[in-house]
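Trainee: My structure is below; once you've seen it, I'll send some questions.
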Amino acid sequence: MGKKSLTHRLGYGILYLFLIIVAVFQIFPIIWLFLFSLKNNQEVFNMSPFSLPTSPRWENYAKVWTEGNISQYFLNSVTYTIVAVVLTVILASMVTFAITRMNWKGSKLVLGIFMVGLMIPVHSTLIPLFNTFTKIHLIDNPLSVILSYTAFNLPITIMILLGFYEALPREVEEAAVMDGASINQIFFRITLPMTSPVIATAAIINMIYNWNEFVFVNTFISSDNLKTLTVGIQNFIGQYTTDWGAIGATLVISILPILIAFFLLSNRIVEGIASGSVKG
């Protein structure tokens, strides 16, 4: 018994050591980026990556927020991300509900069509999308970005929701039907609240993609006041000089919302993944 206990402790010790090493490698880039954002160009190139700046340049953050128009880019990123995430999650939930909870011909075909979207490269759609948005006058319009985010995130979101929906018990819905509830009432009042853990998982995955996305914004948006943080970073890259400290400060600002959202929703995300794995 003692040997078995010792073996278990040794196994857990090795596992924890491995996880600590992985965590350190994950945290190092964030620490490096934060130190990078407090340096000037000379310190960036002449000092080691993890060395402390001789005089921390906190003014880099004030500079990018005021002179670099980062406040507007930040607001745009928040707006595009939230609207696209809400649209994607609601539409994906409706599609998954229709496929898994309703009996109708063609449901498997529709699911297959959505899953084909996972295999379509984003870059191969840029020219067709640009031509389409030009014809309907959506170039340089936030709708072009929001619609693109929603369309490309629908397949992966449906795939995340699918297993959870398949495992949901039907007894509650059947009881609601017996009480005279409509399809809309069943979906919004019963099924949607029951799937909140997996919705949180899907939402954070969508949020990360939308927040970090560059190609669609750079292709469809030309007005400076409509750009997002990922594109706005280019303001600090000049023809002859580049303000690396300002770029670092912009990147730190850009990752903060994702980190905060992850820490706030981490329990829901783990709950959603665990529930899906057990029930599925």
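Trainee: Give the residue that is farthest from I208 (Cα to Cα), with candidates limited to residues of region 132-151 that are assigned to a helix (DSSP H, G or I) and open to solvent by 50 Å² or more (accessible area, probe 1.4 Å). Break it down into steps so the answer makes sense when it comes.
Mentor: Going residue by residue through region 132-151, those that are assigned to a helix (DSSP H, G or I) are 132-135, 142-151.
Cutting the leftovers down to open to solvent by 50 Å² or more (accessible area, probe 1.4 Å) gives us 132, 134-135, 143, 147, 151.
On the way: T132: 26, T134: 28, K135: 30, L143: 19, L147: 16, A151: 16 Å.
Only one residue fits best here, namely K135.
Trainee: Within region 6-26, is even one residue out of contact with any strand residue (DSSP E or B) (no Cβ under 9 Å at 6 or more places or on another chain), surrounded by 12 or more Cβ atoms within 10 Å (Cβ to Cβ), among the hydrophobic types (A, V, I, L, M, F, W, C) and under 30 Å from I160 (Cα atoms)? Steps first, please.
Mentor: First pass over region 6-26, keeping only residues out of contact with any strand residue (DSSP E or B) (no Cβ under 9 Å at 6 or more places or on another chain): 6-26.
Okay, now just the ones that are also surrounded by 12 or more Cβ atoms within 10 Å (Cβ to Cβ), so none.
Checked region 6-26: no residue is out of contact with any strand residue (DSSP E or B) (no Cβ under 9 Å at 6 or more places or on another chain), surrounded by 12 or more Cβ atoms within 10 Å (Cβ to Cβ), among the hydrophobic types (A, V, I, L, M, F, W, C) and under 30 Å from I160 (Cα atoms).
Trainee: Which numbered condition trips up T96, out of (1) modelled with pLDDT of 90 or more; (2) among the hydroxyl-bearing types (S, T, Y); (3) not in a helix (DSSP H, G or I)?
Mentor: (3)
Trainee: Just checking, does region 115-122 include any residue being in contact (Cβ under 8 Å) with a residue 60 or more places away in the chain, in a loop (DSSP other than H, G, I, E, B) and out of contact with any Leu (no Cβ under 9 Å at 6 or more places or on another chain)? Even if it seems obvious, please write down each step before you answer.
Mentor: Taking region 115-122 first, the residues in contact (Cβ under 8 Å) with a residue 60 or more places away in the chain are 122.
Imposing the further condition that a residue be in a loop (DSSP other than H, G, I, E, B) reduces the set to 122.
Filter once more, keeping what is out of contact with any Leu (no Cβ under 9 Å at 6 or more places or on another chain): 122.
The answer is yes, given that some residue of region 115-122 is in contact (Cβ under 8 Å) with a residue 60 or more places away in the chain, in a loop (DSSP other than H, G, I, E, B) and out of contact with any Leu (no Cβ under 9 Å at 6 or more places or on another chain).
Trainee: Can I ask one more? Can you tell me which residues in region 172-194 are surrounded by fewer than 15 Cβ atoms within 10 Å (Cβ to Cβ), among the charged types (D, E, K, R) and either touching a Ser or Thr at 6+ places or on another chain (Cβ under 9 Å) or outside any helix (DSSP H, G or I) (or both)?
Mentor: Passing the criteria: only D179.
Trainee: Considering only region 231-244, I want to know if a residue exists there that is at pLDDT 85 or above, crowded, with 20+ Cβ neighbours inside 10 Å and assigned to a helix (DSSP H, G or I).
Mentor: Here is the first cut: in region 231-244, the residues at pLDDT 85 or above are 231.
After this cut, where a residue has to be crowded, with 20+ Cβ neighbours inside 10 Å as well, the list is 231.
Then drop every residue that is not assigned to a helix (DSSP H, G or I), which leaves 231.
Yes, region 231-244 contains a residue that is at pLDDT 85 or above, crowded, with 20+ Cβ neighbours inside 10 Å and assigned to a helix (DSSP H, G or I).
Trainee: Within region 159-171, is there a residue that is surrounded by 21 or more Cβ atoms within 10 Å (Cβ to Cβ), closer than 26 Å to T132 by Cβ and not hydroxyl-bearing (S, T, Y)?
Mentor: Within region 159-171, none of the residues are surrounded by 21 or more Cβ atoms within 10 Å (Cβ to Cβ), closer than 26 Å to T132 by Cβ and not hydroxyl-bearing (S, T, Y).
Trainee: Given (1) within 23 Å of N103 (Cβ to Cβ); (2) touching a Ser or Thr at 6+ places or on another chain (Cβ under 7 Å), identify the lone condition not met by F214.
Mentor: (1)
The values are calculated or read from the model by the stated rules, or taken from the named source; none is laboratory data. All values reported here derive from a predicted model rather than from experimental measurement. Glycine gets a Cβ as well: all are built from the backbone with ideal geometry, and neighbour counts include every protein chain shown. The area values use the complete protein model at the heavy-atom level, side chains included, leaving out ligands, DNA and RNA. Shrake-Rupley method; radii C 1.70, N 1.55, O 1.52, S 1.80 Å.
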